[in-house]
Every structure is written in structure tokens, then in C-alpha cells.
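In what follows, a single structure is set out as C-alpha cells and then discussed.
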Amino acid sequence: MRLDIQHIRELFPILHQEVNGKPLVYLDNAATTQKPKQVIDALVNYYELDNSNIHRGAHTLADRATRYYENTRTSIKAFVNALETEEIIFTKGTTESINLVAATFGRKFIGKGDEIIISTLEHHSNIVPWQLLCEEKGAVLKVIPINDEGEIIFEAFEKLLTEKTKLVSVVHVSNALGTINPVKAIIESAHKAGAKVLLDGAQSSSHFKVDVQELNCDFFAFSAHKIYGPTGMGVLYGKRELLEAIPPFQGGGEMIKEVTFEKTTFNDIPFKFEAGTPNIADVIAFDKALTFVNELGKENILMHEDTLLEYATDKLSTIKGFIPIGTAKEKVSVLSFLINGMHPFDVGMMLDAAGIAVRTGHHCTQPLMNRLNIEGTVRASFSVYNTMEEIDRLYDSIRKIAKLKNK
Ligand code: PMP
């Protein structure tokens, strides 16, 4: 189905403004997407009508807030096709979800000499928690190499797997280059070697249908704010038997069954991992973002984003001095590039002056930038509300900017 993009844009109040005297073109969607009115209204409605603490209240507001909060869990279960709602844990975001696995699975199952495999494409949030864990446990961190196009070298990955590999933690879609990793094959090989697999789904979950049962991943982490939802809210999916086998993350209220000074028993999953008063409003509002995505249809969103990516890649490639970074065969709507002779930061500043928001720098993937022998890139990333006309604006500005150094 072809989407009515102009109608969709009407739902996003933030898009209708001028920046530096020009209509805003927002192309920083891989960093965070904008929020439709339904999500913003849900936040206001919650605080105006329903605000109360959840799960233990014996009054109507608490009951209502609890129901809305748990409704989101049910929606997320469907969104990633988990088997049970208990397998959906609320966190602050992808970063916290990964740290949760490092602190719990890592504490219990990773020991001296054990190995963890990540890839060259990782975001810092899927590198640093494992470095901290390896340092603490005397474990070894191994890294899957990539080719110059920004794709994982699968044969090299298979060679890294040993009987000591306990966990493979890889990004599903690269935020810096847009590469889609062959995660199904990675999961199959890792499982054959006896290792568990965590997928960093921060970028994939917004672009295409994720089916955790079909993928057969053990953990899947993502953030609401990249799927038109609020910041400060994320998800960790985990298989029931694993979530039950690993210790709690943080201690406090909600995550207990019974506390005495001698001994505490823990609540069942998912509450075992949700200590303290959670981010109730943002969880409730995220449900509206999921409804927005479901109503449009992920396959329709993807089709529109792919069209934008192809159009932008073809058009910008005609500019003298334009150097695409990351040319994987399988990729989503991220266009990373350099302009010959110019620092990415300067390009970003000039685009901003033209009302165009992109991201510049290392995109929290410094080791990847080192591998590519660059300091950073300019990254334009597209979303459902972006248009061909906006790509034309990007093209016109880049053409002018590139001319300064590429006569
Ligand atoms: N992994 C990837 C691939 C990302 O793009 C991001 C966000 N840039 C993260 C992890 C971290 O997500 P968050 O900051 O929402 O925790």
C-alpha cells in the first residue's frame, strides 16, 4: 500500500517549523524519530487523568494506570512476536537492556577464559558493557571483522566460534552505515556452538518486522524513541527459561516477593527485572507509537524508506566529491557519506544553516570508524514522514557545499 505521506506529516507537530529561516528537513531519524501527536497527547493525558503508581494501588486511578502500562507489554509481545508477555522487560532503552544482560547473564554464565563475540559494526553500547564484564571476569572479547562495504565477514565469524564462546552479541542493523546483518545465520551458527545470542535491535525494530521466535534469538534489545515513541523507555526481550535462570538486575521495590533481613525472594519475570517505580507515562505513550506503526504497516513504511534511500543514493552519487560510506547490499534507510576535502562537522553545520538536520561524527561507533580509516561521516537517515522533495533539498545543499572544494 502506498502511504499518504502528507497526511502522516500532519500528525507530527515538530516538522512544521522553520530552522534558520528555512522549513525544517529532519534527516536524523537514526538518532531519534519524531513523535506523532497521539504519543504526545498520551503523555499529557496520563498526567492529567491517570497519574498514579502501578501494580499495588487499590484505587481506580492505579488500576487504570496499571492496565494501560501492561497493555503496552501486550502490544510489544505482538510487535516482536514473543511467545509470552512475561518475556518483555521494560528498561530505559537499548543501552540499559544490554547492560542488564551483561550484569545478569554475564554475572551467572560468563567465567574466566570464556569468550564473547561482537562485531566491528557495534555501537559503543554493545561494546563497553562487554569490555567491563570481560575485565571483571577474565573473559575474552572477540570481534568479527567486516569488508570495505561494511558487511560482516561470515566465514571469519564462524572461525571465531569455539566451545568457550558463551555469547554472541551483534547489532541487527548498523546505525552508522545501515548494514543489515545476516542475523539468522549468525544465530544458527552460534547456537550450534552452544552460545546464546543477543541482538541489538535499536535500528532494526523501527524499519522492518522483527520476529524473535522466527529468528530464535535469546535476547533482543531496542528503544522506544527510535520507533516514534518517547525517550527513556526501552525493551529487553528474553526467552523465558533464560530470564528465569539469571539473577535480578537491580534490587528494590516491585522486584521482590518477600523481604526479611535474612533472605529475600524475588518476584516472577518480568517484574524480577523491574525494580522501583518504572517510567509509567512513557511506557503508556509508547503503545500509541506502536498503534501508529501497525496501522501504517511496517512493510509499507519500509517500502517508502527504501524508495527514499534509493532516490537519495542515486541522486547524491552524481555530485562531484560525494563519497558514500557503507555500501552493503542489504541496508536500511541510512546514507552515510563524506565530501571530498571537507570535515563532516563543517558539512553538518552548513546543512543546519539550510534547515537540514543530519548527524555528523563517529555515531558512537569509534572502532568502526577506525576500521574504515575515517574520523566520522555525515549521516542522513530517513523515516516514514520524509519526502522526495526533502531529498531534493538535501541534494541542492550538498551540491553547493561540495562545489566549495570540488571544482
Ligand atoms: N545500538 C544502536 C545500533 C543504536 O543506534 C543506539 C542508539 N543510537 C543504541 C544502541 C543505544 O540506544 P539508546 O541510546 O536508546 O540506549
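The values are calculated or read from the model by the stated rules, or taken from the named source; none is laboratory data. What you are looking at is a predicted structure, and each value in this text was computed from that prediction instead of being measured. So basically every Cβ, Gly included, is an ideal-geometry build from the backbone, and we count neighbours across all protein chains shown.
Could you tell me which of the residues Thr66, Thr32, Thr85 is out of contact with any helix residue (DSSP H, G or I) (no Cβ under 7 Å at 6 or more places or on another chain), β-branched (Val, Ile, Thr) and either modelled with pLDDT of 95 or more or within 29 Å of His363 (Cβ to Cβ) (or both)?
Thr66
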Exercise for the section: Please state which of the following conditions Thr313 fails to meet, knowing it meets all the rest: (1) out of contact with any strand residue (DSSP E or B) (no Cβ under 7 Å at 6 or more places or on another chain); (2) closer than 26 Å to Asp4 by Cβ; (3) of a type in the set (Ser, Thr, Tyr). Expected result: (1)
Fill in the blank from the handout: For the stretch 214-239, the count of residues that are aromatic (Phe, Trp, Tyr) and either modelled with pLDDT under 95 or part of a loop (DSSP other than H, G, I, E, B) (or both) equals 1
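Conditions (1) of a type in the set (Asp, Glu); (2) out of contact with any strand residue (DSSP E or B) (no Cβ under 9 Å at 6 or more places or on another chain); (3) at pLDDT below 95; (4) within 16 Å of the ligand (Cβ to nearest atom), marked per residue:
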site: Val143; (1), (2), (3), (4): no, no, no, yes
site: Glu149; (1), (2), (3), (4): yes, no, no, no
site: Lys164; (1), (2), (3), (4): no, no, no, no
site: His172; (1), (2), (3), (4): no, no, no, yes
site: Val183; (1), (2), (3), (4): no, no, no, yes
site: Lys192; (1), (2), (3), (4): no, yes, no, no
site: Asp200; (1), (2), (3), (4): yes, no, no, yes
site: Ser206; (1), (2), (3), (4): no, no, yes, yes
site: Val212; (1), (2), (3), (4): no, no, no, no
Fill in the blank from the handout: Within the stretch 240-260, residues modelled with pLDDT of 95 or more and outside any helix (DSSP H, G or I) come out as Ile246, Pro247, Pro248, Phe249
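Take the residues in the stretch 214-268 that are among the acidic types (Asp, Glu) and in contact with a strand residue (DSSP E or B) (Cβ under 9 Å, 6 or more places away or on another chain), then tell me which one is farthest from the ligand (Cβ to nearest atom).
Taking the stretch 214-268 and keeping what is among the acidic types (Asp, Glu), we get 214, 218, 241, 244, 254, 258, 262, 268.
Filter again for in contact with a strand residue (DSSP E or B) (Cβ under 9 Å, 6 or more places away or on another chain), leaving 218, 258, 268.
Values: Asp218: 17, Glu258: 33, Asp268: 26 Å.
The selected residue is Glu258.
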Practice task
Output yes when any residue across the stretch 283-294 is surrounded by fewer than 19 Cβ atoms within 10 Å (Cβ to Cβ) and farther than 30 Å from Glu390 by Cα, and no when none is.
Solution key: no
Fill in the blank from the handout: All-but-one check, Phe345 against (1) in contact with a Ser or Thr (Cβ under 7 Å, 6 or more places away or on another chain); (2) within 23 Å of Asn175 (Cβ to Cβ); (3) of a type outside the set (S, T, N, Q); (4) surrounded by 15 or more Cβ atoms within 10 Å (Cβ to Cβ), failing number (4)
Practice task
Specify which of the listed residues (Ile323, Ile374) is over 23 Å from Gln6 (Cβ atoms) and without any contact (Cβ under 8 Å) to a residue 24 or more places away in the chain.
Solution key: Ile323
Exercise for the section: Quick one: in the stretch 22-37, of everything that is more than 16 Å from the ligand (Cβ to nearest atom) and surrounded by fewer than 18 Cβ atoms within 10 Å (Cβ to Cβ), which residue is nearest to Thr231 (Cα to Cα)? Expected result: Lys37
Problem - Test: Ile14 is in a helix (DSSP H, G or I), within 21 Å of Val210 (Cβ to Cβ) and out of contact with any Asp or Glu (no Cβ under 8 Å at 6 or more places or on another chain) - result: no
Completion exercise
(1) under 15 Å from His207 (Cβ atoms); (2) buried (at least 21 other Cβ atoms within 10 Å of the Cβ); (3) away from the ligand (no atom under 16 Å from the Cβ) all hold for Lys298 apart from (2)
Practice task
Kindly indicate which of Lys77, Lys142, Lys112, Lys166 is in a helix (DSSP H, G or I) and basic (Lys, Arg).
Solution key: Lys77
Completion exercise
Pairing a residue in the stretch 166-184 that is of a type in the set (Ser, Thr, Tyr) with any residue that is part of a helix (DSSP H, G or I), where Cβ atoms lie under 6 Å and the two sit 6 or more apart in sequence or on different chains, gives Ser169/Asn126
Practice task
Say whether the condition of being more than 26 Å from Glu214 (Cα to Cα), assigned by TED's automatic domain parsing to the domain that holds Asp148 and of a type in the set (A, V, I, L, M, F, W, C) is met by at least one residue in the stretch 70-93.
Solution key: no
Exercise for the section: Pick out, from the stretch 310-407, the strands (runs of 3 or more DSSP E) lying fully within it that include 2 or more residues that are farther than 25 Å from Phe208 by Cβ. Expected result: 322-325, 334-339, 359-361
Practice task
Would you be able to say whether some residue in the stretch 319-339 is within 16 Å of the ligand (Cβ to nearest atom) and over 19 Å from Leu121 (Cβ atoms)?
Solution key: no
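Restricting attention to the stretch 110-137, and to residues there that are of a type in the set (Asp, Glu) and buried (at least 16 other Cβ atoms within 10 Å of the Cβ), which single residue is farthest from the ligand (Cβ to nearest atom)?
Here the answer is Asp114.
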